[in-house]
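Comments concern the structure below.
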Amino acid sequence: MNRSNNINKIAAVIPFYNESKTINEVIEKTLKQVDYIFAIDDGSTDNSIQKFTSKENVLLIRNSFNRGKGYALRTGMRSAIDEGFEKIVTLDADLQHNPDEIPLLLSGLKDYHIVIGNRLSNLCRMPLQRRMSNKITSKLLSIKTGQRIVDSQCGFRAYRSEVINNIKTEKKGYEAESEILIKSARLGYKIGFVNISTIYGEEKSKMNGLKTTIDFIRLLFL
């Protein structure tokens, strides 16, 4: 890959763990909106890799075991930075994020350093437990960052490369996405939101609720 040719181009980072049913569809749709994809297999134990279809402009990076979403995101975003991409989009591989909405996120980068999808404009499809936990964590992060955080738990995001370049994250689990917001706000980066679709199907969350809550509380004391 010629690093100098990637300036002003857009990369997507898609971490996945046991998403054999959806990973290829997500990649197909995402490739219509970005120039390159870094797909991070976080130690899948199903047949995701056997079903994964190799494509031009898609780099598959494999972790030998499940290290956590934060670790996978950091690996993918660092790879995108190293290759010179200036805008980076992150999204999940289970079709809870609609790749067709990537342009909405990217358009917000004109005014913000980080743009996050907001699913809370349409709450009818979000499970009550997720709705309540999201509102609580978003409120706490708003206080912590000094900025209005609307949907803290959404991983459908767009970043200017300078943000990823200038913050050092350490968390390996789901709390890493909150860590990014806290550390970015400290450096004065502006965080914005755009309304996106609220999509919930039959997929089961891989999040350990108790562990994630404890890890999030620890973040508030950073």
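Quick note: the coordinates plus some simple rules give every number you see, no bench work behind them. All values derive from a computational prediction rather than experimental measurement. We place every Cβ from the backbone using ideal geometry, glycine too, and count neighbours over all the protein chains shown.
Of note:
- Taking the Cα centre of the stretch 8-107 as reference, the dipole from Cβ charges on Lys and Arg (+1) and Asp and Glu (-1) amounts to some 200 debye.
- Segment Gln129..Asn195, full-extension length gain: 21.7 nm, with 0.36 nm per residue of separation and the alpha-carbon distance subtracted.
- Per-residue Cβ neighbour rank within 10 angstrom, fewest leading, Thr212, Thr137, Thr53: Thr53, Thr212, Thr137
- Dipole magnitude of the stretch 7-219 about its Cα centre (Cβ charges: Lys, Arg +1; Asp, Glu -1), debye to nearest 20: 800
- Rounded to whole Å, sorted largest first: equivalent-ellipsoid semi-axes of the chain, Cα gyration tensor: 24, 21, 17
- Near the amide H of Tyr189, within less than 5 Å, lie no amide hydrogens of residues on another chain or at least 5 residues away, with H placed in the peptide plane.
- Computed [θ] at 222 nm, helices only, for the chain once each DSSP H run of length n ≥ 4 contributes -39500 (n - 2.57): -10500 deg cm²/dmol
- Calculated from backbone phi, Karplus (6.51, -1.76, 1.60) coupling profile of the stretch 79-95 in Hz, x at Gly/Pro: 4, 5, 5, 4, 8, x, 6, 9, 10, 10, 10, 10, 8, 7, 9, 9, 6
- HN-Hα J in Hz across the stretch 176-188 - Karplus 6.51, -1.76, 1.60, θ = phi - 60°, x for Gly and Pro: 4, 5, 6, 4, 4, 5, 5, 6, 5, 4, 4, 8, x
- Annotation: aspartates and glutamates with alpha-carbon distance below 14 angstrom to Lys87 (same-chain offsets under eight excluded): Asp35, Asp111, Glu162.
- Thr22 long-range amide H proximity, modeled H, under 5 Å: none
- Long-range amide H partners of Ser152 with built H, under 5 Å: Ser138
- Per-residue 3J(HN,Hα) values for the stretch 29-43, derived from phi via the Karplus relation 6.51 cos²θ - 1.76 cosθ + 1.60 with θ = phi - 60°, read 5, 5, 4, 6, 10, 10, 8, 7, 10, 9, 9, 10, 7, 8, x Hz in sequence order (x marks Gly and Pro).
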